[in-house]
Amino acid sequence: MTKTSNLDLLHRSRAAVWHPCTQMKQHETLPLIPIQRGDGAWLVDFNGVRYLDAVSSWWVNLFGHCNPRINAAIVEQLGQLEHVMLAGFTHEPVITLSERLAKLAPTGLGHCFYASDGASAVEIALKMSAHYWRNCGYPDKTNFISLQNSYHGETLGALSVTDVALFKDAYGALLKQHATVPSPDSRLAEAGESSHDYALRCAVQLEDYLQQHHQNIAAFIIEPLVQGAAGMAMYHPVYLARARALCDQFNVHLIADEIAVGMGRTGTMFACEQASAGIGQMNGITPDFLCLSKGITGGYLPLSVVMTRGQIYQAFYADEIARGFLHSHSYTGNPLACRAALATLDIFEQDNVLAENKNKAAYFNRIAQPLRAHPHVKHFRNIGMIWAFEVEQTKPNFAQRCFALALEQQLLLRPIGNTLYFIPPYIISEAEMDELITRTLIVIDRLTN
Ligand SMILES: *Cc1c(COP(=O)(O)O)cnc(C)c1O
């Protein structure tokens with residue numbers, strides 16, 4: 001191979017690769033960063049420049065790039081079986097993964113259906129829900145509800161329950177329009193209103209909507225505790241308990257889209273575990289469908305899963321073929337991806353990751369004090385291993401300017417609007433957290449001066 005340079009690769013990439021979530025013209029001025037290798041929390045380019053991956057490469061990476069234990073598991077699997085179709089065949093990694101996920105997840109979610117990405121998991125949950133009601137004699141339950149500012153993925157079905165105008169408006173004519181209900185996002189509480197009381201007020205609006213429309217509603221889909229793409233909007237866990245109770249009352253499924261928040265990101269293995277029926281209580285809820293992806297393979301390979309209850313599985317179990325769930329993807333349950341997921345679960349157990357993350361988060365919150373106190377920083381918030389805040393400033397194109405200035409500090413940040421957030425890999429060290437805060441403060445000072 002000839003020697004490759006950053007410059008050479010970024011020109012070739014711009015010519016041949018259509019990049020995701022990108023207005024390609026912006027790359028006339030903003031260079032792409034070709035990455036040669038990964039090393040723990042760092043990404044390294046072809047000149048040896050190291051970038052601290054403060055967003056876990058779009059929230060997927062948990063235990064660092066090129067993690068030796070996950071690498072070894074994939075290599076071992078590669079020597080045995082790279083792939084086999086999952087219709088008519090099965091294999092040990094997919095069976096073991098399903099058994100282990102069922103033990104970890106909220107009680108009762110004993111059946112795992114696999115796909116390759118988050119949006120497909122959402123499609124599956126939506127289709128399974130409506131098909132369940134059809135099989136049970138409720139063919140009119142075909143509508144869904146989501147929260148305002150929700151994000152559930154970009155395929156047409158997932159986009160139809162997404163409420164981000166920038167991603168959705170161009171495709172309005174292609175989408176079935178589903179209703180949204182107010183988001184319990186704590187930032188939207190009125191002055192003097194607690195996040196708890198605001199969440200309860202939003203739940204009343206959900207109740208009103210369900211009261212009027214439940215006959216046509218299959219499911220309510222939510223991102224538990226944190227609406228990621230809305231700008232890491234965090235809300236009180238009492239909302240989850242109310243949503244579960246209302247869905248039960250009105251015979252509507254609850255779909256928990258834990259694609260971003262699952263796998264320990266909010267401090268518990270799954271965000272649904274933190275649902276609270278009263279202040280200070282952590283009761284947990286079981287959704288009817290739990291969607292997982294992103295961190296499930298430690299950020300290595302595309303894999304997603306929808307977990308559901310026995311009663312729902314049973315409604316498809318019949319002599320009649322068409323009552324079955326005939327959905328499929330070519331790579332459903334890919335053995336390499338399942339092995340990466342099993343290695344990821346091993347690390348959670350062996351390294352006591354949830355407890356360790358509590359210590360890391362406490363350390364981070366201590367050293368983040370200058371950030372929290374910065375005159376241009378508003379709504380500093382944290383849950384588990386997610387931090388977010390708004391930067392008050394008036395110049396246009398904040399997100400782009402911030403991204404570019406962060407790169408100068410060898411830091412990968414990707415703001416959403418005026419919201420800056422950190423979703424670091426769980427292996428981030430104290431020294432790396434120190435660097436993250438120091439460099440971010442420099443970026444914010446440059447942006448606001
Ligand atoms: C990322 C994400 C999705 C979509 O997953 P993809 O793998 O990007 O298709 C869906 N829901 C939530 C909450 C997400 O964060």
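General observations
- Test for Thr22: is it out of contact with any helix residue (DSSP H, G or I) (no Cβ under 7 Å at 6 or more places or on another chain) and either more than 23 Å from Gly262 (Cβ to Cβ) or surrounded by 19 or more Cβ atoms within 10 Å (Cβ to Cβ) (or both): yes
- Answer from Gly284, Gly298 - the residue that is small (Gly, Ala, Ser) and under 23 Å from Ala72 (Cα atoms): Gly298
- The residue of the stretch 135-160 that is farthest from the ligand (Cβ to nearest atom), among those that are touching an Asp or Glu at 6+ places or on another chain (Cβ under 9 Å) and not small (Gly, Ala, Ser), is Gln148.
- Flag for Ala191 being over 24 Å from Arg414 (Cβ atoms), more than 12 Å from the ligand (Cβ to nearest atom), in contact (Cβ under 8 Å) with a residue 40 or more places away in the chain and in the same structural domain as Met282 (by TED's automatic domain parsing): no
- Hits in the stretch 362-395 (condition: within 26 Å of Leu62 (Cα to Cα) and of a type in the set (A, V, I, L, M)): Ala362, Ile367, Ala368, Leu371, Ile383, Met385, Ile386, Ala388
- Inside the stretch 271-298, residues that are of a type in the set (A, V, I, L, M, F, W, C), away from the ligand (no atom under 13 Å from the Cβ) and out of contact with any Lys or Arg (no Cβ under 9 Å at 6 or more places or on another chain) make up a count of 2.
- Candidates Cys247, Cys272, filtered to the one that is touching a Phe, Trp or Tyr at 6+ places or on another chain (Cβ under 6 Å), part of a helix (DSSP H, G or I) and of a type in the set (A, V, I, L, M, F, W, C): Cys247
- Of all residues making up the stretch 95-128, the number that are within 16 Å of the ligand (Cβ to nearest atom) and small (Gly, Ala, Ser): 7
- The stretch 179-188, residues that are surrounded by fewer than 19 Cβ atoms within 10 Å (Cβ to Cβ) and within 16 Å of the ligand (Cβ to nearest atom): Thr180
- Residue match in the stretch 318-336 (condition: surrounded by 24 or more Cβ atoms within 10 Å (Cβ to Cβ) and either in the same structural domain as Leu101 (by TED's automatic domain parsing) or not basic (Lys, Arg) (or both)): yes
- The condition (being of a type outside the set (Asp, Glu), modelled with pLDDT of 95 or more and closer than 24 Å to Leu206 by Cα) is satisfied by just one residue among Val305, Val238: Val238.
- Single residue of Trp18, Trp58 found to be under 26 Å from the mean Cα position of the chain (by Cα) and assigned to a loop (DSSP other than H, G, I, E, B): Trp18
- Selection from the stretch 161-170 of residues that are within 12 Å of the ligand (Cβ to nearest atom) and among the hydrophobic types (A, V, I, L, M, F, W, C): Val161, Val164, Phe167
- One residue alone among Ile312, Ile279 is touching a His at 6+ places or on another chain (Cβ under 8 Å) and either under 29 Å from Tyr198 (Cβ atoms) or not in a helix (DSSP H, G or I) (or both), and that residue is Ile279.
- Top-ranked residue in the stretch 25-65 [being at pLDDT below 95 and aliphatic (A, V, I, L, M); ranked as farthest from Leu303 (Cα to Cα)]: Leu30
The values are calculated or read from the model by the stated rules, or taken from the named source; none is laboratory data. Remember, it's a predicted structure, so these values are computed and weren't measured experimentally. Quick reminder, even Gly has a Cβ in these numbers, built from the backbone with ideal geometry, and neighbours come from all protein chains shown.
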